[in-house]
Every structure is written in C-alpha cells, then in structure tokens.
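The values are calculated or read from the model by the stated rules, or taken from the named source; none is laboratory data. In this text, all values refer to a predicted model and were calculated from it rather than measured experimentally. Neighbour counts are summed over all protein chains in view; Cβ atoms, including those assigned to glycine, are modelled from backbone coordinates with ideal geometry.
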Amino acid sequence: MNANISYLNKLGMADPIAGLKNDFISRQSHVSVQTTTIKKEHYLDFAEGRLRAFLPYVTEEGAVLDPKDGKEHEYATASFVKAGAVLLHSGRCPELQDTILKAMDWGSYCLGENQVPDDHADFTSHMLVLAYELLSGFADSSRVERWRCNLQRFEPELTYSQTERNFPDIRQIRNWATYAMHGEMMRYRTGLTDTTSFIDKYLPYQLTRFTPEGLYRDPNLPAAYDLAARDQLSGVLEAGYQGASAELLKILLHRGAQTMLFTQSVTGATSCGGRSNQLLWNELSFTHICEREAAYYFRHGDLLWARTFKRAAHLAYQSILRWVDDAEEFRLFKNLFPVAERVGYEFYAYHSTYSLYAAQIAVSCYMDADDSIEEVAAPCDVGGFVLHLPSFHRIYATTGPKRGGYHISLDTAAQMGQDATGFVRLHRSGIPEETALSTGIAGLDGEIPWIFYRPKQTIPAPLFPAAIGPTWRDEHGSWDRLANYGRRQHEVFHALDVEGQPLNAERLHWINELSLPESQEEDLSFSVSYIASPQPKAYPLDPNTPGANVNEVYQRAISDVLPRPGNGSAECIEEIYQIGKEGTTVTWKLHSAEAAEITAVGVIVPLLVTNGTEQSTVISEGSKVTVNYGHAKYTVWADESENGVELELLPGRMPNRNGHYQLAQWTRKDKQEITLHFSLRMEQ
C-alpha cells in the first residue's frame, strides 16, 4: 500500500499534457465553427424513443424483459425507471406514468430484496434513488414509503457484487465500485443512509487506477470504461461527497475530462480500444461528461472551457444520429447487421440493458445541459496536435480543416483478442467512420484467456489480428506482422509501483518512442519507433510438479534455448506520419536484427466490404486500390516511381465491430521500407 500512497501523492501534481492544452487555447480563437443545432431536448427525444420501444416488454410486475430471450437482465428495469422518471418530471409521456411507477415498484423491490438480475445491484442504486426523488410527487404516500423502505434497508456490503466479500484483495475491484459509490452518495443525499463509510472505504483504492492524465484504468484498458467510471465518480462529487479523497478526485476528474477532448475524432466519435467499444453509449457517456463540465465551468465563470466542452458534447451526440435515426431498427453498435445477430456484442451485453442504459445516460445529459452556453471550437475542430497516452498505449493525431480534417489513432500494444497493434483508426470529417478503419480487427492467436469477452461475429475471426501496418518475412521465409504483438495477460492494475505502473507487469515485445519535430510546418508530422525487446518463450509450469529443484532445472533448460533475434528477425520498425490536406502519408522502415535478415517487407491495409447492409466496391489498379462506399471514396496507393512494390488483394473476409473487411497487401523485396498514401473524400 505504501507504493500506492506514494503514487497518489504524485497524481495531484503537474498535469503532463498541460503544454498541449495551452497550445490549443492559444490557437482556438483563430478557428471559427458552424454551431450545431443540438439542444437539451434532443437528449429527451433519444430517451423517449428507447423507452417507448420497450413498452411491449414490461411485465405486470414491472420488470423489463429482453426481446431476444424474454428474461429480465442486469439493470434494464432500473434504467427504464430512471429514464421514465426524468421524462415524466420534464412533462413528457404522462400516459406512461402507470407503467413507469410499476417499474419503480419492481426495481426498488428487487434492490431491497437483493434480487437484482445477474447480480448487478451495483449499477442500479444511483438510478433508482434519482427516480425516487423525481417520482415521489407522482405517487401516493404509501407507495412512496414502500420505495423508501426498499432503498433504505439493503446492506451495501452484502448486496453489491464487487465488494470485499467477493474480492478479498480490495484493490482488484474495478469500475463496478464507481456505480455503487455513486448510488451510496445518492442514498446519503436523500436520507436513505446516514453514512458515507462505503465510499470512504472503497474510493482510495479506485483513485490508484487513475493515470497522471486523469484517465481511469479498468482491466485491460478499455476506453469505454474509462468514460463510464469517470462519469460515475463525477456523480459522487455532484451528489455532495466531501470525504478525504474528494479534493484529489475533483482534480483528476477535471483533468481527465480535458484530456479526453484530445482523443475525440474529427467525426465527433470517442476513442476506440478494448471491450464494449463502438457502442452508442460510449458517445453518450462522453457527451454527459462534457455537459457536466460545461455547466461546471460556466458556473465558475470560465466561459472558454464551458463553451469548449459544450461544443465537444454536441459533436459527440451528433456523431451517433446516423445510427439513432435508422428507420429499420434502433442500433446499439455502429454497424448495420440485423440486431438479432448481436454483431459486436460481448456475452454480457443485452439489447434491453444497453438500449435502456443509453437512455438513462441521455436523460442525465438533459439534466446537466445548459442551452445558454454557446459553442466555440473544440480540440477536434482546431487540430494540429499529437497526444501520447503511454499508460493506455495509444497515440492520437488530429488536423484542423486547413490540413484536411483528419484524425488517426495508433494502438502500440493492443489487447489481443479485442484489438490489433498498429494504425487502427483513420477518419476524416464528413466521411462515414468505418470507410477506412475505425477500430482494429482482432485475431484468435494468443489472446488474453478471457475468450468470453470476445465480441460476437457472424464469420470467424482471422488467426492473426489486422490493422494498417507492416508485415515482414524473415530469412527462413516466415511472415510476421506488427498487429500480432500486443498484451496477452489479464492486467487488473491493482498492485502498482510508485510511478503507478503494475508490479510484475507483462513484458511487451516492443518499446515505443514518439518523436515530434520542433515545429510543425504546413502538414502535421510525427514518427513512432518500435524497438524490439524480445521475450523468451515461456512454458507454463505447474508449481506442484514433484521433484527436487524442479524450478532451477526448468530455468536452466529454458536458458539453453537460443532466442530468435529481434522480433521475427526485426530489430526496429520506424513509422513516419505526415497528415495534410491531400491526405495521410506513412513510411514504414524495417531494420534487421543482428545475425538475422528481413527478406521482404509489406504493409497490410484492411478494406471495407460491408457494414452489414451496405456494400462497397473495391477496385485495384496497379499499386492503387480504391474503395467506393456510398458517396465516400477511400484510396490507398504507392508512388508509381516505386517499381518494386506489388499490390495483392487477399480473398478472405475478417470482422470487426463495424463490418467485414478484406486485406490489401503491398509487398516489396528490393528495399526494407514502403510508403503509402491514404485519401478520403466525398463525391456527389
């Protein structure tokens, strides 16, 4: 615990990306934007649509069932109740009052009786307490008293799932605790409990999950649960928590909210990476954090940050309207596969829970939004920056309109089974996000042994993952690819050193270095180096294996196995990025390890085939390939002067959460470097 305390003491110090924020502020006033038309009532429109869609699935008792299996799951009912309560309180849906009150009866009863489906009570208390506050004026006193009794009588340590009774090492408790603490502070505010001891106990261990940039590390670094956890912890403070950890939490949450602005795509989308990604509630969580921050800064007279957050909130919400307004059926994921096929869903994701979870976030956006706050340019409007988040192994680069309005993301050590290492996102403002690539393509080889976290697909995943990135052939004829090097151990971020890094952390195969020029010219440029840190092949050894000195013998035997030089005979990979108005240009340079040889190099680029409904056409000509996708055109090409580069379209299909892709591969044998150009544009 001493190392954790030392790390906490450091967290409140200087902001590591303060210089980036200051540079943004200095250039922000030079960029004018066209104001969005988003108003707070739009959030209620979203929530009402979801609520009405589930009316046929509300039972006589008030439980909300899932359309697919006819069962109540997780926090579907509590989400329905919270969304319904805010809608009623705002003057909407009066004809649904009886149904909403009935759902409140059931939801509060289940919490009081410790019968929340799937042992998900942690998520429900903050929703039900808010509903209790808002619905009390719509029900008779005896009904309200029953609600109060149910919300008051349960014991948090025995009712919530992620508590010390199930996690003897309290440090291993993850984002679930943030929901439970939010609920407990809501109960305290409403007089349903007389203590904040639950928060006082669990909050210090959650603070060590924060990075110096103010982001939250859930196991294996999913971007979605950074957003979700920070959103819930903001709710703890908003409900009035003033315990010993409150001041540090406040610093980290405001810092993290500013940091996340620099991860936002020019499309308005939130960061990719990790489980529960490409769900619409990711953008809604981002939107809610921004609306809350906008209101906070407005109250404190900082109009610049208030208006910046207001703009970012509206852009994030605007980015999902394409899926929200689908005439066929409501989408949870950013794809057009039939909802019944559950493409992109993890095992824990149900249509009922995540549809209504999105609805309850939307009403929170409404409650915190202030339409009097104007918009000014957000970081994704201004561009001209590169953000490196070493703790998340991610790099983001964004250009403003004068430099083409591009956004790219790199995952330098992806979670295997969920993502791919490399250049995983290429967006341009005004272009559908999946046209080039919006998230990596996971493979089956060597993933973290939590296969049930893998999202569902309708076609098999490839053996090796894929992103935009290099592949190479060694002196024996074996091909390797950067995408397949990533994190393969389950990291929960509970045991940390004084710098906040995991003790006994997984040793990664590459050490990354980001280089930026002293000044940026017309184009935005940077380079990334992957330096080999080869790991010896490890074989699992049963600690109960009989025999004297068995571990010593094992280690001696392993030391006799000569390692392969470098990683697949590669000692270093250099990637040089240049982003401008005409597109993005990347040069990959590979260097052989000592006593090894790289005999061919290539670059793999996934090409969209379908998003589940809409099809693309892929045209190959010489060393150029073009994807026509609706009115969008995506072109990738090598210079014509590079005669040694050959292009091949591979026939197979591979899935990610957005659609099905095929691979294009540019290969050469005469040099150990390849340059490709990437262009996205709309055609009428």
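Name the single residue that is modelled with the lowest pLDDT among those in the stretch 551-606 being within 21 Å of W510 (Cβ to Cβ) and among the basic types (K, R). Looking at the filtered set, the residue picked out is R564. A single entry from D194, D200 fulfils the requirement of being of a type in the set (D, E, K, R), assigned by TED's automatic domain parsing to the domain that holds I361, part of a loop (DSSP other than H, G, I, E, B) and surrounded by fewer than 24 Cβ atoms within 10 Å (Cβ to Cβ): D194.
For the residues H407, H388, H393, the requirement of being within 13 Å of H427 (Cα to Cα), within 23 Å of the chain's Cα centre (by Cα) and either surrounded by fewer than 21 Cβ atoms within 10 Å (Cβ to Cβ) or not small (G, A, S) (or both) singles out H407.
Residue-level check: of (1) in a loop (DSSP other than H, G, I, E, B); (2) free of Cβ contacts under 8 Å to residues at least 12 places away in the same chain; (3) of a type in the set (D, E), E74 misses just (2). Meeting the requirement of 1 or more residues that are in contact with a Lys or Arg (Cβ under 8 Å, 6 or more places away or on another chain), the helices (runs of 4 or more DSSP H) wholly within the stretch 270-326 are 280-299, 321-324. Every condition in (1) of a type in the set (S, T, N, Q); (2) within 19 Å of the chain's Cα centre (by Cα); (3) part of a loop (DSSP other than H, G, I, E, B) is met by S372 except one, and the failing one is (2).
Among the numbered conditions (1) within 31 Å of the chain's Cα centre (by Cα); (2) without any contact (Cβ under 8 Å) to a residue 60 or more places away in the chain; (3) surrounded by fewer than 24 Cβ atoms within 10 Å (Cβ to Cβ), the only one that P67 does not meet is (2).
Looking only at the stretch 453-461, decide whether some residue is at positive phi and among the small types (G, A, S). Looking through the stretch 453-461, none of the residues is at positive phi and among the small types (G, A, S). The single condition from (1) modelled with pLDDT under 95; (2) surrounded by fewer than 20 Cβ atoms within 10 Å (Cβ to Cβ) that S372 fails is (1).
Using the structure shown, decide if L88 is more than 22 Å from L321 (Cα to Cα) and either in contact with a helix residue (DSSP H, G or I) (Cβ under 7 Å, 6 or more places away or on another chain) or of a type in the set (A, V, I, L, M) (or both). Taking the combined requirement at face value, the residue satisfies it.
Going by what's in this entry, would P470 be described as of a type outside the set (A, V, I, L, M, F, W, C), at pLDDT 95 or above and either assigned to a strand (DSSP E or B) or under 18 Å from the mean Cα position of the chain (by Cα) (or both)? Criteria met by P470. In this structure, does R481 turn out to be more than 19 Å from M654 (Cα to Cα), of a type in the set (D, E, K, R) and buried (at least 17 other Cβ atoms within 10 Å of the Cβ)? Considered against the rule, which asks whether it is more than 19 Å from M654 (Cα to Cα), of a type in the set (D, E, K, R) and buried (at least 17 other Cβ atoms within 10 Å of the Cβ), R481 comes out as no.
Counting only strands (runs of 3 or more DSSP E) that sit completely within the stretch 604-670, those holding 2 or more residues that are more than 26 Å from Q684 (Cβ to Cβ) correspond to 646-649, 660-668. The set of residues from the stretch 433-456 being at pLDDT 85 or above and either surrounded by 17 or more Cβ atoms within 10 Å (Cβ to Cβ) or among the polar types (S, T, N, Q) (or both) comprises E433, E434, T435, A436, L437, S438, T439, G440, I441, A442, G443, P455. Checked against (1) over 17 Å from S352 (Cβ atoms); (2) touching a residue at least 60 places away in the same chain (Cβ under 8 Å), D98 meets all criteria but (2). Of the numbered criteria (1) in the same structural domain as T439 (by TED's automatic domain parsing); (2) not in a strand (DSSP E or B), the one R556 fails is (1). State whether one or more residues within the stretch 223-236 are assigned to a helix (DSSP H, G or I), within 25 Å of the chain's Cα centre (by Cα) and β-branched (V, I, T). The answer is yes; a qualifying residue exists. Scanning the stretch 254-263 for residues that are more than 17 Å from the chain's Cα centre (by Cα) and buried (at least 20 other Cβ atoms within 10 Å of the Cβ) yields a total of 1.
Within the stretch 305-332, residues that are outside the structural domain of S32 (by TED's automatic domain parsing) have Cβ atoms under 6 Å from residues that are assigned to a helix (DSSP H, G or I) and crowded, with 24+ Cβ neighbours inside 10 Å in no pair, counting only partners at least 6 apart in sequence or on another chain.
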